[in-house]
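In what follows, a structure is listed as structure tokens, so that the remarks can point back to it.
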Ligand SMILES: [Zn+2]
Ligand SMILES: [Zn+2]
């Protein structure tokens with residue numbers, strides 16, 4: 001039988017991984033620029049963590065998790081998102097006690113959700129995210145937004161919009177919850193079964209129900225922004241004022257609630273109309289989550305963060321980037337067994353000297369070997385035939401100038417270095 005990758009997974013082939021590395025490098029560079037350090041957490045965690053952190057009325061937890069029992073009967077879940085694991089690690093490793101009160105970390109890697117695979121949405125997908133923990137300040141909210149905007153701008157995305165909203169603090173959320181229940185109460189029996197449960201447990205989630213999204217009462221539902229406490233209002237006004245000062249365009253979007261339970265105060269999304277992604281596409285988003293550290297057993301600690309789906313970022317990066325396959329320094333082309341023995345030695349020596357190098361392992365003729373040199377964008381083709389073995393030399397051909405020179409074995413490194421330092425104007 002022939003094996004296939006499980007539905008909702010894809011292989012990233014050697015021809016595609018270069019572009020992934022380019023994206024990862026770009027993100028790491030931006031993180032260094034913002035003084036944000038990497039944190040790596042496990043791919044799987046105890047299921048309870050996600051129930052707690054993400055919320056068991058969310059679609060992610062109630063429908064989409066990869067959950068299984070390990071051999072000891074513990075319930076384990078493949079991480080469906082990155083924040084829960086980061087906050088768990090922050091608490092477990094007592095990072096709240098570090099001399100730097102504001103801990104800024106990023107993560108990137110695979111996440112898992114059991115969803116219907118559709119245009120680019122896979123069950124194993126990748127996220128890049130940033131969390132800033134320890135300081136409750138609108139300045140930090142704005143630093144997060146700036147960073148998210150920097151990412152999409154660095155990718156060259158056109159027509160981007162920053163949408164922001166506030167869900168408020170606990171007091172605001174309690175008032176809003178009551179307003180939502182009053183609003184939906186008269187039509188409760190017209191809503192889907194899930195929404196009946198949400199009505200009791202977390203009415204905010206009714207607003208992102210996919211089944212009832214066209215119900216007339218959705219349009220007229222109360223807006224979080226009208227229920228903000230004085231504190232929450234002041235926080236949000238400062239966020240807006242800072243964005244104004246920095247001349248960052250934004251839209252206050254009262255319908256923005258985000259699909260995860262842990263948010264409070266500021267939430268934001270970056271929307272793009274770039275043709276590569278399609279009009280009105282959400283590229284990524286995030287928000288503040290002041291209750292989450294405490295919820296996971298840590299001291300009361302504020303946090304704010306955002307995440308991007310990396311597959312979307314890959315589409316945004318486009319195909320018009322440089323093929324930054326830098327190419328080999330040397331491709332060695334031996335003819336015959338003795339030449340091959342010598343080639344193996346030279347290759348090892350060149351690699352030890354820091355040159356990128358490969359050789360033919362298929363005993364082909366010159367024509368086939370030259371094709372490989374070309375495919376690998378080799379600067380030099382090094383030809384070794386029987387004559388060369390006898391004379392203890394190699395034939396070095398620069399594939400840019402087409403010049404071919406005989407070089408004694410002991411001078412190879414020196415020759416390459418001189419050639420690279422030479423003033424001929426090819427790479
Ligand atoms: Zn519903
Ligand atoms: Zn050259």
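Enter the Cα centre distance for the pair segment 264-288 and segment 370-407, rounded to the nearest angstrom.
The distance from the Cα centre of segment 264-288 to that of segment 370-407 comes to 52 Å.
If the elastic network links every pair of Cα atoms under 10 Å, which of 147, 217, 344 fluctuates the most in the Gaussian network model of the chain?
Checking each option, the largest mean-square fluctuation is seen for 344.
For the chain, give the share of DSSP beta bridges that are antiparallel, in percent and rounded to the nearest 5; count only bridges with both residues there.
The antiparallel fraction comes to roughly 80 percent.
Which order do 393, 36 fall in if you start with the one that has the fewest other Cβ atoms within 10 Å?
In order of increasing Cβ crowding within 10 Å: 393, 36.
Can you grab the distance from the C-alpha centre of segment 25-70 to the C-alpha centre of segment 105-166, Å, no decimals?
What the calculation gives is 13 Å, centre to centre.
For 113, 351, what ranking results if the residue with the fewest other Cβ atoms within 10 Å of its Cβ goes first?
Working: 113 20, 351 14.
The fewest-first ordering by Cβ neighbours comes to 351, 113.
Calculate how many DSSP beta bridges within segment 330-421 are antiparallel, expressed in % of all such bridges and rounded to the nearest 5.
Working: 9 of 17 bridges.
Here the antiparallel bridges make up roughly 55 percent for segment 330-421.
Using only the alpha-carbon atoms, how far is helix 412-421 inclined from the longest principal axis of the chain? Give it as 0 to 90 degrees, nearest 10.
Value to nearest ten degrees: 60.
Using a Gaussian network model of the chain whose springs link C-alpha atoms within less than 10 Å, name the residue from 310, 382, 98 with the highest mean-square fluctuation.
382
With a ≥ b ≥ c taken as the square roots of the eigenvalues of the C-alpha gyration tensor of segment 330-421, please select rounded if a/c is under 1.5 and otherwise prolate if a/b is larger than b/c or oblate if it is not?
Numbers: a/c = 1.36, a/b = 1.11, b/c = 1.22.
Rounded shape, in that the Cα axes give a/c under 1.5.
Mean separation of Cα pairs under 8 Å and 6+ residues apart, divided by the residue count of the chain: what relative contact order is that in percent?
Details: 707 pairs, mean separation 62.7, N = 427.
With pairs under 8 Å counted, the relative contact order is 15 percent.
If you fit an axis through the alpha-carbon atoms of helix 83-92 and take the longest principal axis of the Cα set of the chain, what angle between them do you get, 0 to 90°, nearest 10?
90 degrees
So what is the 222 nm mean residue ellipticity for the chain from helices alone, if each DSSP H run of at least 4 adds -39500 (n - 2.57) and you divide by all residues, rounding to the nearest 500 deg cm²/dmol? Numbers along the way, then the final one.
Numbers: 15 runs with 154 residues, N = 427.
After summing the helix terms and dividing by the residues of the chain, the value is -10500 deg cm²/dmol.
When only C-alpha pairs under 8 Å and at least 6 residues apart count, what is the relative contact order of segment 330-421, in percent? Before the final figure, lay out each step's value.
Details: 127 pairs, mean separation 26.6, N = 92.
Answer for segment 330-421 is 29 percent.
Which whole-number percent is the relative contact order of segment 20-159 (Cα, under 8 Å, 6+ apart)?
Working: 173 pairs, mean separation 32.8, N = 140.
This gives 23 percent for segment 20-159.
Under 10 Å, Cα contacts only: if you run a Gaussian network model on the chain, which one of 363, 244, 11 comes out with the highest mean-square fluctuation?
For the chain, modelled as a Gaussian network with Cα springs under 10 Å, the answer is 363.
How much length, in nm to one decimal, is gained on full extension between residue 22 and residue 76, taken as 0.36 nm per residue of separation minus their Cα-Cα distance?
Details: separation 54, 0.36 × 54 = 19.44 nm, distance 3.27 nm.
Full extension from residue 22 to residue 76 adds 16.2 nm.
Note the full-extension length gain between residue 392 and residue 38 as 0.36 nm times their separation in residues minus their Cα-Cα distance, in nm to one decimal. Could the numbers behind the result be given before it?
Working: separation 354, 0.36 × 354 = 127.44 nm, distance 4.99 nm.
So the chain would gain 122.4 nm between residue 392 and residue 38.
Sort 107, 331, 199 so that the residue with the fewest other Cβ atoms within 10 Å of its own Cβ comes first and the one with the most comes last.
Working: 107 22, 331 28, 199 17.
With the fewest neighbours first, 107, 331, 199 line up as 199, 107, 331.
Bear in mind that the values in this text are calculations on the coordinates, not laboratory data. What you see is a predicted model; the values in this text were computed from it and never measured. Glycine also receives a Cβ, built like all others from the backbone with ideal geometry; neighbour counts cover every protein chain displayed.
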